[in-house]
Structures are given as structure tokens and as C-alpha cells.
1. Residues with beta-carbon under 13 Å from that of Lys243, excluding Lys243: net charge, scoring Lys, Arg +1 and Asp, Glu -1?
2. If the cut-off is 24 Å between C-alpha atoms, which lysines fall inside it for Lys712, apart from same-chain ones fewer than 8 positions away?
3. Rounded to the nearest 10 Å², what accessible area does Glu377 show when all protein chains are kept and the probe is 1.4 Å?
4. Of Thr639, Thr621, which has the most accessible area with a 1.4 Å probe, and how do the rest follow in descending order?
5. So what does Glu436 come to for accessible area, using a 1.4 Å probe and Å² rounded to 10?
6. Of the accessible area of region 443-518, with the probe set at 1.4 angstrom, what percent is carbon plus sulfur?
7. If amide hydrogens are placed 1.01 Å from N in the peptide plane, which non-local residues have theirs closer than 5 Å to the one on Asn491?
8. Compute the signed sum of charges (Lys and Arg +1, Asp and Glu -1) over the other residues within less than 9 Å, Cβ to Cβ, of Arg443.
Amino acid sequence: MNHVSVLEQEPSRTDDLSESPQPPPKRSYRLPRKIFLGLVALIVLSILGFVAYTAQDIPPLTEIENPKSSLSTQVISADGVILDNFYTKENRVNVKLNDISPYVVDALVATEDARFYHHSGVDYFSIPAIIKRYMTGTTSGGSTITMQLARNLFNAVSRDRTVNRKIKEVIVSAILEKNYTKQEIIEAYLNTVNIYGNAYGIEMASKRLFGKHAAELSIEEAAVMVGMLKGQGVFDPIRRPEKVIERRNLVIDLMVRHEFLDPALVDIDSVKQRPLTTVAQGREHEEGLAPYFRQQVRNFMAKWSRENLKSDGTPYDFYKDGLKVYTTLDSRMQSHAEASVREHLQGLQETFDKHIKGQEPYRKEPKILSDLMRMSERYRLAKKAEKSTEQITEEFETPIDMSIFTWNGEVDTVMSPMDSIRYYSKFLETGMISIEPSSGAVRAWVGGINFRHFKYDHVSVGKRQAGSTFKPFVYAAAMAYGRKPCDQALNQPVTFENVDGDGTDWSPENSDGKFGGFMTLRRALATSTNLITARLMKEIGVNVVVKTAYAAGIETHLDPVPSLCLGTSDLSVKELTGAYSTFANQGQHIEPHFITRIEDRRGNVLARFSHAPKQAMNERTAYLMIELLKGVVDEQGGTASRLRYRYNFTNEIAGKTGTTQDHSDGWFMGVTPNLVSGVWVGHSDRRMHFLDMKYGQGANMALPIWAIYMKKLYEDEKVALAQEKFQKPYGYYVNMDCEVLAQLKHEEKTFETARLSGSSDDLDSFE
């Protein structure tokens, strides 16, 4: 048997291995990987490019670190009260976080950004929600407080609901978080956010809605403020109080949920049941303290801003640059002045209405009403619209809805514009100012009875016939020429010849028509005797009197005519009071002023205002004038003697009443060593007036306002107005006891007569 060897029958293992098939080659992923990585890089570069492109128009780093927002200009009283904020679209002022109620901060964080203290500008936990909103077309929400601040501060961030905006917000937010603490970010946010109307920032919104500072906001008020951030249109506390209360209570619940309020310490249900109470809206510039004064400051700042440039060469914008205007006004004195006007004129108006009922001057002179109509804004606009006389007449006779002023508050009614002119023509109006004579600083300013309805300022703009309040300048000229208060003067008719160059003579009369005998100059001024004033004018000369008045502070042109001695010229309350201050300031005149300095938003002083005194008259002359004016108050029968027997003043007071022809104007100038106040009362049209002297004299129309005002000042411990004595010139003495002087002169005259006659018996009686 032939056996085949194994080697012959089976291939060798070596051959078998060498001839076995090779495994398939591995696939190469290099190209797909490159493509993938390239796409990723492209996407990343695209995103970075998009971010870089988007970031091109964000504000520069310096602006982000030092944001510049429009700030209202603040008007500040001498005692530190903010009187007003000047602004155009944004009423905004900055306050420190310590001056904001902590409830506001807690409500804001609980409602808008619960993780505020734990993120660095962007809350990454909210990113999925943001993506979902974008995918569903809802682009609102998701912004942290820092991101919202970025929008508030910088216009370049924009408010468009786009991805671009979010990227800008993230970039700016990162920079803000890097450069500011959380507290500073909260403070900046609350100072820039628009909460209600044109009130920007928590302080202005708080004052606008609740009439209080942001530091004083309660839990529910803070919740209202924060709740309104979701939309003023929806959450308007004036138009939709129910919606606001609902939103407010939701904010309170969030404060509890995030442990900013502890139900164990605060009765949450009680807080949520509190009513929503806001202050009246819409007339900020017309209401509040000193509206006429604030308008004067506004006018001053408009002129100052045009004439002064910032470091970049542009003029100041006092509506946006956040200036601080420090004034001389004392808010407490101003409050008393306004209250005194209201207290007296409300009653005097009732007296006037009864006094002239059925005898209104416009019944005899219809031209009064037609003149007032032509002076109205409605008439001016009608003429501008080129309406015919018939159309204008019809418009003025057509009844319309209107709100009218009364001393008991505004009343909504229906009447024609012509009826409203008839109604308003009867109102007594006023102008009152207080000036510190030693500095010229204006301490109180009441330009009228109601700024909304009577915008004409009777302190500086309006000028009325001065009447007897001008007489002291005649007497001052006489004192300067050597006369003394106790000098005797003849109370007899006096005539000025050829006063107009055409041969016309002028002979004044006393107000009561009586004359005769002698009286002292002190008593003549005290009783406002016309004949003696006119006689002094004739002795001294008109031009000397005019020069004296100008030196004292009168600014209005004075016609050098004899009748000037009786106050025929129209003067403003401001200039007349400033001139009387010269008497109280030892003959030195200081121009009345109402602004002390202006600062920028950082507290740098931009301007200081000082007013140097000018020696207007001899110190002795000024002292003699004070003594004469004291006689108006102290002399029996003096026109202001009621200050003693009716109002019971015991301190030294100098003053002068004034009443013009037909009782159209009532004046009182009250002078104390540390405060000089002038008051005018009358109607806008001087043809409207009281019908007799009893009611129409200055002592009845104007003096009571001064008396009520000074009583309030002396009783107010915060004002602390001292009841001082007038300062006498050093080393100067003049006997003011006119009765003793008169007796001595009589005895001297009798002795001289006896001496000349040689009668020893008569001479012996004088030993």
C-alpha cells in the first residue's frame, strides 16, 4: 500500500500562511474630519465675526465705565429743599443706594432677577428658556438686571428684539460687572430706569406718584414701582389701579417666595389689602412751592446756558446736563408767604364780591371785558388762525367744558370763554417779595394767587402805580439836604407852575381835602399828607428826588414831573422793595438776587454770584428815613398804626402804605432790620377796584398779608427770625421826641420875645 506522506498530501503550514488572503485596508477619515473641523471653524469664525461686527457699534469702554445719561437740573432752596427739576423728555436725578428704600431693591431682585447676586452679568441657567423663546418667536424676557442696565445706559445697545441686541447686552454687561459692584449696578439701574411717564429713576417716580422721597417708600409702594416695570401702558396706577394692585400683590408674593419678606414678621395679607393711593398728576411745573419764583430761575438759566460754554465748546443744556442751581429762597418763609396770601385774600375776595355786586365796573365800562378778551391766549390764537371777528365772537360766546379757579379748589364747569373772562376779572391778585437787606438775598417770592390760572408775575414783570409808597424818596432827598424828622412844615396848598411848558399849573390836594396849620415831617409821612410831600418836592427839586430814587434802587424810568412825588410812576414790587432795603442797610444798596451758585453734576462749581454793596445815601440819611418810617407805625393816626393795636406787634417796625387813584392799587412796604417785604394787591385791570377808601386802601388790602406773614415767621422756631432793633450810626444822636422839641422851641421863642421886649417878669419865668 502506497502511503502518501503528509507533506505530500497537505500543503505545508508555511505555504498555507503565506498564501492566506490579506485583511481589507482601513478607511481614511482624514477628509471628512477636515471638512467637519473646517465647518466647525467656519461656524466659530462666523459667530466670532458676527459678534465682532455686532460689537462695532457698542459704546467705547470709557463710556461704559463712565456712563453719561441726561439728568434734570435741580433748583435748590437756601435751606436745602429741592424746589424743582428742569427737564425736557426725561425728568431724572440720581440718588445714592442708601437713599432708596431697601424694599425697592428686594422687590426688584425678587421680580426681575432672582439670581442677581450669583451671576456675573448673564444668568446661564436662563439660556435654554431664552433659546426656546426665540424659537417660538417670543423674544422678550431673559435679561438680567445688569443687561437691562446696559440698555438703559447706552443707546448703542438699542432696544430692538434681536440676537444682535442680546449680544451687545452680554458684552456690555460683562464690562459693567467687571468694573462695578452689585450694589453700584442696582443703584445705577434704579437711577436710570423709566418707571412712569417722563419720570426717570426711582426718586423722580416716587415723587411723581407718591409725593415722597424714594427712601420713604413702603413695601406696597415699592412693589408698585417694580411691578410697573413690565409696562406703563398696562400697569398705570392712575388709569388702571386694579391691574396695578394685582401686579403689586404678585411682586409681594415673589418677595416672600425668594425670602425677602418674612411672613412671621410682616402681615402679608394686610399689606396686600392696602389701597393704592397716589398724588395728583400732570401739573408739576404749575404746582408745588414757589412756582413764580421757579419760573424766574428757569428764565435765568436759559440765558445763562446760552452765554456759557462747556469744556468741549458747546453751550450748557440746563434741561439735560444735571446742573444744580442753588438759590436764596427759604422754603419755610416761602410757605408762610403763600399761606398768608391765601389767608387774607380769600376773605378779602368775598368782601369785594359783596361790595361791588350789581355795581361791577364793567357794567359801566364794557370795554374792560373786551380789552381782557383781546389780551387772552384764546384770542391771540384765533387771530393767528385768521378767524373773522364774527367767528371769534361766536367762539367766545359758545359754552365749553373748563376747570376754573376758586379759593376752595378747582371746579369743573361749563361756561363760555367770555363768561370766564367776566368771572376772572373780579379776582384780586397780588405780588409779594421778601428781601434780606444786609445781603440782597430774596427769601420769598409770591408772583400771584395761582400759577396755573394767573401766570402773570406781579413781582418782577408787572408794574403798578406806586402811590404813597414813593413818598419816602422825596423825604430821603430832604433828609440828605439837612432836614430832620421833627422839623415843622406848613400844611397849606402848594402850586407848581407851568408843569407842561404850556402854562398849566398843578395844585395837589390831601386825600381828605383838608389842610391848615403846621405838622412835623415825621407826622406828615405817617399820615401820608400830600401837601407837605409836594411842598418838599418843590423846595428840593424834581431832579434831586429822581436821582435819590435811582440811587436807592429804582430801575424804572421816572418822568421828572411834580406829580412824581405822589407816586404816579408804575414800579415793580421787586424794585420798590429793593429800594426800601437800602434804608434798612445803612444806606447801602445791594441788588436783589436769587441765585448764589451753579454746580455741574459732579459738584464742580461753574459760577458764583456775588453782589457788592453800593453806598446809595449817607448812613445818617438812611437812619433818619427809618425813624420817619417808624412813625407810620407808631404815630397816632399813622396809616400803618393797626400793626400795633390790631396785630399787637411790639418790635421795631418801619413801613409805608400806599393807595392809588380810585383805590386801584393797595401797597404795603414792611421794614425790619433783617427783612424787608413788599406787598401789592389789586386787579389785573386797574379799572376793577373797590368803590371806597374803607376797603380799597393799602392798609386794608396789602398790610394784613404782611402782618399775617410776619406773625408766622416770628412764631416759627425753625425760621428763628430775630426781633432786632435798627442800628444807629456810631456817635450820631438826633432827638426824635418831636413833642419835647416843639415845647422847647416854643419856650425859646417866648424867651426871645421877652428878651427883646425887656420884660423882667417874663425873663424871670424862664430861670
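1. So the environment of Lys243 carries a net charge of +2.
2. Lys712 reaches Lys574, Lys630, Lys656, Lys725.
3. 100 Å²
4. The ranking, largest first, comes out as Thr639, Thr621.
5. Surface accessible to solvent at Glu436 totals approximately 50 Å².
6. Carbon and sulfur together cover 47 percent of it.
7. Gly516, Gly517, Phe518, Met519
8. With Lys, Arg at +1 and Asp, Glu at -1, the neighbours total -2.
The values are calculated or read from the model by the stated rules, or taken from the named source; none is laboratory data. Bear in mind that the values here come from a model prediction, so they are computed numbers and not experimental data. Ideal geometry is used to build each Cβ from the backbone, glycine not excepted, and the neighbour counts take in all protein chains shown. SASA here: full protein model, heavy atoms, side chains in, ligands and nucleic acids out. Shrake-Rupley method; radii C 1.70, N 1.55, O 1.52, S 1.80 Å.
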